[in-house]
1. Are there any pairs with C-beta distances below 7 angstrom linking a residue in segment 179-199 that is closer than 18 Å to R236 by Cα and without any contact (Cβ under 8 Å) to a residue 40 or more places away in the chain to a residue that is among the polar types (S, T, N, Q) and surrounded by fewer than 24 Cβ atoms within 10 Å (Cβ to Cβ), with the two at least 6 apart or on different chains, and if so which?
2. Between L168, L217, L227, L239, which is assigned to a helix (DSSP H, G or I) and not charged (D, E, K, R)?
3. Just one of P39, P66 is modelled with pLDDT under 95, at negative phi, over 20 Å from the mean Cα position of the chain (by Cα) and not small (G, A, S); which is it?
4. Could you tell me which numbered condition M18 fails, if it satisfies all but one of (1) modelled with pLDDT of 95 or more; (2) out of contact with any His (no Cβ under 7 Å at 6 or more places or on another chain); (3) of a type outside the set (D, E, K, R)?
5. Can you tell me which residues in segment 97-113 are surrounded by fewer than 16 Cβ atoms within 10 Å (Cβ to Cβ) and under 14 Å from L70 (Cα atoms)?
6. Quick check on I98: is it at pLDDT below 90 and more than 20 Å from the chain's Cα centre (by Cα)?
7. Taking interchain pairs and intrachain pairs at least six residues apart, which have beta carbon atoms under 6 angstrom, with the first residue in segment 206-217 and without any contact (Cβ under 8 Å) to a residue 12 or more places away in the chain and among the acidic types (D, E) and the second in a helix (DSSP H, G or I) and surrounded by 24 or more Cβ atoms within 10 Å (Cβ to Cβ)?
8. Could you check how many residues of segment 25-77 are among the small types (G, A, S) and surrounded by 18 or more Cβ atoms within 10 Å (Cβ to Cβ)?
Amino acid sequence: MAWLDRFRRRPAPSTDPMELALGAAEVGDHAAAFALWEPLALAGVARAQNNLGACFAEGLGVKRNPALALKWLTLSAEAGDPVGQRNCAAFHFRRDGIEADFIRAAALYRQAAEQGDAPAQDMLSWMLLEGDVIPVDPIEARHWARLAADAGVASAMTRLGMLYHNALGVERNPTEAAIWWSKAARHGDADGQAMLGAAHLLGNGVAKDGVGALVWLLRAQAGGSALAQPFLPAARAGLDPSEFELAAQRAAAPLTDNPS
C-alpha cells in the first residue's frame, strides 16, 4: 500500500516542509520526515496527518502504534483528504490491531473515490462485486473500475475484463475482456496475466497462441496468481520442447523488454 503522498519534485531546492519531509522519506530518513510532518499535523494539515498516521501504521521513524495511526488517519479523513480517507478505510478494513469496521471502510473508500482517488475507486469497485459489506452492483462496480483503470490501476483493468467475461452488468464480450486483460498484463497484474494466458490457450477473444499462453501463465504464476494454475498443465502439454523453452525464456525476460 502506498501510504505516503507523492508530490511533484521541484528542480530547485524547496523550503516547503511537506516536500522536505517527503524528500527525507524517499531516502529512508523517516525520523526526519516524521519530525517535519508532526508540527504540520498538529496544526491541522490533513495530508501531514495522513503521513503521520502512515508512520505510526508502518513503524517509520517512530515506534509502530496502530491506535495512534488510526487517530491521525481519522483526522485526515475527517478533514476531507482523499488519501487520508483511503488509508483510513484500509486501516478499518485490514484489522491491523484495531477492531474491523467494514461498513466504515466502504464509506471512506466511497468518499475518496468520489474525489478522484484511483486506488479507492478500485477498492470500491471490488467491494461492490463482493457483496459482503455493501449490496452487489456490477454496473456501479464497472463505473468505478473504469475510472481506476483509466488512471492506470492494473487490478481494475483485470476486473473490467472479468465483468465482460462473466457478463456482469454488461453483455458478455470475450474480445473486450481480452483487451482489458492484455492492458492489465502489460501493467504487471498477475491475475490479468493469468486470464490473458488462458484466453490465448483457449482462443477466447484473442488468437489461439500456445507459446504466448504459456508466457503469460508463467509470468502470472511467478507473480503469485492462483488463477494460472488450472491452465498451466494444458499449456505445457500443448508445446514441444523447443516451444516450451522459448516460452520459458520470454516469461523470464523483463516485461518492458519483451511484452509478448
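1. Q193/S225; A194/S225; L196/S182
2. One residue alone meets the criteria, L217.
3. P66
4. Just one mismatch for M18, condition (1).
5. Passing the criteria: G97, I98, E99, A100.
6. Values: at pLDDT below 90: yes; more than 20 Å from the chain's Cα centre (by Cα): yes.
Criteria met by I98.
7. D209/H200
8. Count: 12.
The values are calculated or read from the model by the stated rules, or taken from the named source; none is laboratory data. These figures come from a predicted structure and were not determined experimentally. Using ideal geometry, Cβ is built from the backbone for each residue, glycine included, and neighbour counts are taken over all protein chains shown.
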